[in-house]
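The values are calculated or read from the model by the stated rules, or taken from the named source; none is laboratory data. Since this is a predicted model, take the numbers as computed values, not measurements. Reconstructed Cβ throughout: ideal geometry from the backbone, glycine too, with neighbour counts over all protein chains shown. The area values use the complete protein model at the heavy-atom level, side chains included, leaving out ligands, DNA and RNA. Shrake-Rupley method; radii C 1.70, N 1.55, O 1.52, S 1.80 Å.
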Amino acid sequence: MTLMTALRRDRSLPEGDAKHRAVEEMFDRLAPRYDRMNRVISLGLDRGWRRHTVNELGLPAESLVLDLACGTGDLCNDLATGGHRAVGIDYSAGMLAAAHTGAALARGDAAQLPFAHGSFDGVVCGFALRNFVELTAVFGEIARVLRVGGRFAALDAAVPTNPLLRAGNTIWFRGAVPLLGRALAHDADAYSYLPKSTAYLPTPLVLADALGEAGFTHAAHHTLTGGSVLVLTATRA
């Protein structure tokens, strides 16, 4: 099963070039208030999720790690705190303009990374897998820029399998978050889209298979916070 056929998408969600444009415009617009909204939406748990992701790399200090879709640089800062050398890349010029990190930053497309083969010891990606247009190409590029034995760790939203937790997740992310987006970020449309965008993600098993096809081994996944957050890891073969 391919990544594309694995998806069961909301027909209201954009596809292809339309998605690329919509995501770029949305994040440019959200950038000034993005960090504050992350804290509110995650109830402050996002800091712990990012630290957990850095730890999942299992890399020695001073490793060179790429933060893919780095946004305003929170994960770059967590990499630095963990003793690593961080480089961030994002397609949103607005996000990069609002960044608050000492890491080197670049603007670029995750499906065409402007780095040489084997440049990095690790790659991380925080809550962005579902925003890429073609994950197969992105996974291929991640594999290309990683050295052999390099590590990949991604953090993204998930839907709990437990019925009670799933109901609570739906009430919060599909109900409360758009209202908070309207009140605090003055952008109900964006914060209605973000919860819906989890429909772009294939199942963890399909993601793991795609990583294997891209050149990774030891692909694994687990969840945090009652199944509402996915952590995906793999090693460059």
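Residue 217 passes all but one of (1) under 22 Å from residue 46 (Cβ atoms); (2) in a strand (DSSP E or B); which number fails?
Result: residue 217 fails condition (1) only.
Can you tell me which of (1) crowded, with 21+ Cβ neighbours inside 10 Å; (2) under 30 Å from residue 119 (Cα atoms); (3) of a type outside the set (Lys, Arg) is the one residue 212 doesn't meet?
(1)
Would you mention how many residues in region 1-20 are open to solvent by 50 Å² or more (accessible area, probe 1.4 Å) and either of a type outside the set (Lys, Arg) or modelled with pLDDT of 95 or more (or both)?
Residues flagged as open to solvent by 50 Å² or more (accessible area, probe 1.4 Å) and either of a type outside the set (Lys, Arg) or modelled with pLDDT of 95 or more (or both) within region 1-20 amount to 9.
For the list (1) open to solvent by less than 70 Å² (accessible area, probe 1.4 Å); (2) modelled with pLDDT of 90 or more, I need the number of the one condition that residue 184 fails.
(2)
Among 149, 126, 118, which is the only one that is at positive phi, open to solvent by 20 Å² or more (accessible area, probe 1.4 Å) and touching a Leu at 6+ places or on another chain (Cβ under 9 Å)?
Working: 149 fails: touching a Leu at 6+ places or on another chain (Cβ under 9 Å); 126 fails: at positive phi.
Selected residue: 118, the only one of 149, 126, 118 that is at positive phi, open to solvent by 20 Å² or more (accessible area, probe 1.4 Å) and touching a Leu at 6+ places or on another chain (Cβ under 9 Å).
Might you check whether a residue that is under 17 Å from residue 221 (Cβ atoms) and surrounded by 15 or more Cβ atoms within 10 Å (Cβ to Cβ) occurs anywhere in region 160-169?
Looking through region 160-169, at least one residue is under 17 Å from residue 221 (Cβ atoms) and surrounded by 15 or more Cβ atoms within 10 Å (Cβ to Cβ).
Which members of region 53-106 meet the condition of being surrounded by fewer than 20 Cβ atoms within 10 Å (Cβ to Cβ), in a strand (DSSP E or B) and touching a residue at least 40 places away in the same chain (Cβ under 8 Å)?
64 - this is the single residue of region 53-106 that is surrounded by fewer than 20 Cβ atoms within 10 Å (Cβ to Cβ), in a strand (DSSP E or B) and touching a residue at least 40 places away in the same chain (Cβ under 8 Å).
Hey, among 198, 233, 225, 203, which residue is touching a residue at least 40 places away in the same chain (Cβ under 8 Å) and out of contact with any helix residue (DSSP H, G or I) (no Cβ under 8 Å at 6 or more places or on another chain)? Show your work before the answer.
Details: 198 fails: out of contact with any helix residue (DSSP H, G or I) (no Cβ under 8 Å at 6 or more places or on another chain); 233 fails: out of contact with any helix residue (DSSP H, G or I) (no Cβ under 8 Å at 6 or more places or on another chain); 225 fails: out of contact with any helix residue (DSSP H, G or I) (no Cβ under 8 Å at 6 or more places or on another chain).
Testing whether each residue is touching a residue at least 40 places away in the same chain (Cβ under 8 Å) and out of contact with any helix residue (DSSP H, G or I) (no Cβ under 8 Å at 6 or more places or on another chain) leaves just 203.
With respect to residue 234, determine if the residue is open to solvent by 20 Å² or more (accessible area, probe 1.4 Å), closer than 22 Å to residue 49 by Cβ and in contact with a Leu (Cβ under 7 Å, 6 or more places away or on another chain).
On the way: open to solvent by 20 Å² or more (accessible area, probe 1.4 Å): no; closer than 22 Å to residue 49 by Cβ: yes; in contact with a Leu (Cβ under 7 Å, 6 or more places away or on another chain): yes.
Spelling it out, it is not the case that residue 234 is open to solvent by 20 Å² or more (accessible area, probe 1.4 Å), closer than 22 Å to residue 49 by Cβ and in contact with a Leu (Cβ under 7 Å, 6 or more places away or on another chain).
Report, by residue number, each residue of region 164-209 that is under 16 Å from the mean Cα position of the chain (by Cα), of a type in the set (A, V, I, L, M) and assigned to a helix (DSSP H, G or I).
Selection gives 194, 199, 207, 208.
Do we find that residue 137 is open to solvent by 30 Å² or more (accessible area, probe 1.4 Å) and part of a helix (DSSP H, G or I) in this structure?
In short, yes.
For region 193-232: of the residues being over 21 Å from residue 134 (Cβ atoms) and out of contact with any Ser or Thr (no Cβ under 8 Å at 6 or more places or on another chain), which is modelled with the lowest pLDDT?
Once the filter is applied, the top-ranked residue is 195.
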